[in-house]
Each structure stands twice: as structure tokens, then as C-alpha cells.
Ligand code: BGC
């Protein structure tokens, strides 16, 4: 089902698509492919929207820190907004100090209008989202044709499949930027949520949040989520990495590495409601961001303001700054190849 959500300044109509299957309900905008609401039941069967967002298009356009959006062409940061590929240096749109964040500037994939087509496949329902980014857009080489598939399965899982092709060698790293609060959007801090991540190493960063290049063990650091623990448990320790990021904003090196099929990598649980999110992915990395830059200036559909730590993001991806880090798994895509990535979100209570 599709309804008008609002209009951009140039008159472009933005639609909101509604899907429901297997006990999960979601709403997706053509603008940015944004998941503006995802509703799941708690242990007593009460539904809540567990994603931060806005109830109007104007806030999404002017103020959104990527709430629910598709991220491209490159998830997270590329240092100094440049990289060299096949001997040629490309300068990207810089939008985070001296770095390029989440595809950069005015035409990141979170800010474009996607072509959306609904589908039903056996017991599953979903949306195909298409976008073509022209050669040179935001500084990236190659015409990048992107197709993202959002599927709601008969079990209520939300599956995201990404595909992209190019006509020139380029770099690609697509992800989704949902801000989770399993107690419900606007209900306060996520510090009591419990998180487990199947990773023994993470990538420490410099003060600009660019990886230094050497993965470090999580053992004996606040970054150890190998056993499930409350997010707030070590969040206020005076660890240099927490100081740089005002909390957690780091990439975990998933123990499983790149996998041909999605494999389980993380479980997030809100003990108060019982709502639980399990994630599986084909990707080698997970960016866990503890909502450090939410500062009480944005108001959600609940009418409540969002403060620091009122949500967290779990972004499956290749590692930040890979185009400048020869030791990281490659993000290069060449003509004739197809970029593929899948992440599955399963819900229980
Ligand atoms: C990044 C943060 C950034 C946030 C934007 C996250 O993916 O890691 O550093 O501030 O996105 O809202």
C-alpha cells in the first residue's frame, strides 16, 4: 500500500509504502529508502515502533542524522575524502570535517528518491528499490546501478539484499542506517539493552574516526561484546577510543569474515519488553554506533525528543576507509562484476 507522505521543495512527491508479514509491520519512504517505522510485538503482544524517525518529510530533508536510510555509495568514512584506484586519485564530497561520511554531501543514497516497486514472492512480500548514480556523482567514478530488495518474510524477518554494477572501476559499500530502540522510539536510553557481537577484534580509530589500520583485540576492553552485556556497562570508562567517539562508534571485525550466505553476527535484546533482534550478514564488518550525537534537538513521531544514547545503529558493512587501507577486505567493484550483500534482521520476544 502506498500513500503520499509529503513533497520536496521542487514538488517531487514522496510516498510511504506499508508492508506487513509474519507479525512485523514496516513503512518505507521513497526518499532515501528510509525505514520510517518498524513495528514488532513485545512479550505481551503489544506493538511498538522500534526505529527512530520523523512524522514529516521536511525534518528528514533538513535535519536527519541518516534515520532509517539507505547509505551509499560508501557506508562510513573515507579519510580526507579521497582515494586512489588504478593510479588515479578521486576527490569525494567532504561532509565530516576533512572526511567523507556515508557517501557524502547532497546526493548520498539517503537523500535521493528511489524508484520503488512492490512484489509478492510465495509467502513473502517486499519492495524493490532502484537508483542509478551517475559517473562522478559525489566524486565517485562509474555509473552505479543499484538495486536494494527489502523483504518481509512469512516469519516476520526483514531481509535486505543489495546489488550494484558499474561501468568503471569504483568502490562500493552499502548499508542501512536504522536507529534501534527495542523499547520503542522515544522511550529513552538504550543503555539497558543487551548486546552480543560475534567479533574478537575491532578497528581502533584516530580522533577523526578513521581506522588506524591495525585491528585490535576486544579482550579486556569496553569493546568486548563476545558475551551478551548491557550497552551501558562499560560505556563511561575513560578509554581513549570512547573519548574519541563520545561513546561507541566503531567497526567490529566479525569472526566469520565475508561469507557467501548470511551468518549470525549479533543479538540485541531489550529485557524490559523482551523484544529481541538477531542479525545475520554476508559482510565482514559491523559498525556499532551508540547514538552519541543525538543531542535533544530532534523530535520523533512520538512527540518526544531524542537525547544521547536513545538509540543505536548496527550497520553491516565493509570496514571504514577501506579504499585507503590495503590490509582491509577490498571494496573495489569493476565492470562485469556484481556487488552483492545481504543482511537479515529476525525478531522475537
Ligand atoms: C557513524 C557516526 C555518525 C552517524 C551519523 C554512524 O554510522 O559511524 O560517526 O555520526 O553515523 O548519524
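Computed from the coordinates by the stated procedures, all read-outs in this text should not be read as laboratory data. Predicted model only: the values in this text are computed from it and were never measured. Please note: Cβ atoms are built from the backbone with ideal geometry, for glycine as well, and neighbour counts cover all protein chains shown.
Points to keep in mind about this one:
- Number of the exception - residue 93 against (1) part of a strand (DSSP E or B); (2) within 16 Å of the ligand (Cβ to nearest atom): (1)
- Qualifying residue in region 209-222 (condition: under 22 Å from residue 96 (Cα atoms) and without any contact (Cβ under 8 Å) to a residue 60 or more places away in the chain): yes
- Hits in region 27-66 (condition: touching a strand residue (DSSP E or B) at 6+ places or on another chain (Cβ under 7 Å), within 16 Å of the ligand (Cβ to nearest atom) and more than 19 Å from residue 7 (Cβ to Cβ)): 35, 51, 52, 66
- Scope region 1-40; condition outside any strand (DSSP E or B), touching a helix residue (DSSP H, G or I) at 6+ places or on another chain (Cβ under 8 Å) and under 17 Å from residue 160 (Cβ atoms); matching residues: 32, 34
- Tally of residues being surrounded by 14 or more Cβ atoms within 10 Å (Cβ to Cβ) and either over 22 Å from residue 258 (Cα atoms) or within 16 Å of the ligand (Cβ to nearest atom) (or both) across region 209-227: 6
- Which numbered condition residue 236 fails, given (1) surrounded by fewer than 19 Cβ atoms within 10 Å (Cβ to Cβ); (2) outside any loop (DSSP other than H, G, I, E, B): (2)
- Test result for residue 71, within 28 Å of residue 166 (Cα to Cα) and either crowded, with 20+ Cβ neighbours inside 10 Å or in contact (Cβ under 8 Å) with a residue 12 or more places away in the chain (or both): yes
- In region 78-90, residue nearest to the ligand (Cβ to nearest atom) [restricted to those that are in a strand (DSSP E or B) and crowded, with 22+ Cβ neighbours inside 10 Å]: 78
To keep it simple, each residue is scored yes or no on (1) more than 19 Å from residue 77 (Cβ to Cβ); (2) within 18 Å of the chain's Cα centre (by Cα).
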{"residue": "104", "(1), (2)": "no, yes"}
{"residue": "113", "(1), (2)": "yes, yes"}
{"residue": "118", "(1), (2)": "yes, no"}
{"residue": "127", "(1), (2)": "yes, yes"}
{"residue": "167", "(1), (2)": "yes, no"}
{"residue": "170", "(1), (2)": "no, no"}
{"residue": "176", "(1), (2)": "no, yes"}
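- Selection from region 291-316 of residues that are in contact with a strand residue (DSSP E or B) (Cβ under 7 Å, 6 or more places away or on another chain) and either surrounded by fewer than 16 Cβ atoms within 10 Å (Cβ to Cβ) or part of a strand (DSSP E or B) (or both): 296, 298, 299, 305, 306, 312, 313, 314, 315, 316
- Residues that are under 20 Å from residue 193 (Cβ atoms) and more than 16 Å from the chain's Cα centre (by Cα) within region 255-272 comprise 264, 269, 270, 271, 272, listed in sequence order.
- Any chance residue 277 is touching a strand residue (DSSP E or B) at 6+ places or on another chain (Cβ under 7 Å) and within 13 Å of the ligand (Cβ to nearest atom): no
- Checking residue 183 against (1) part of a loop (DSSP other than H, G, I, E, B); (2) closer than 30 Å to residue 331 by Cα, the condition it does not meet: (2)
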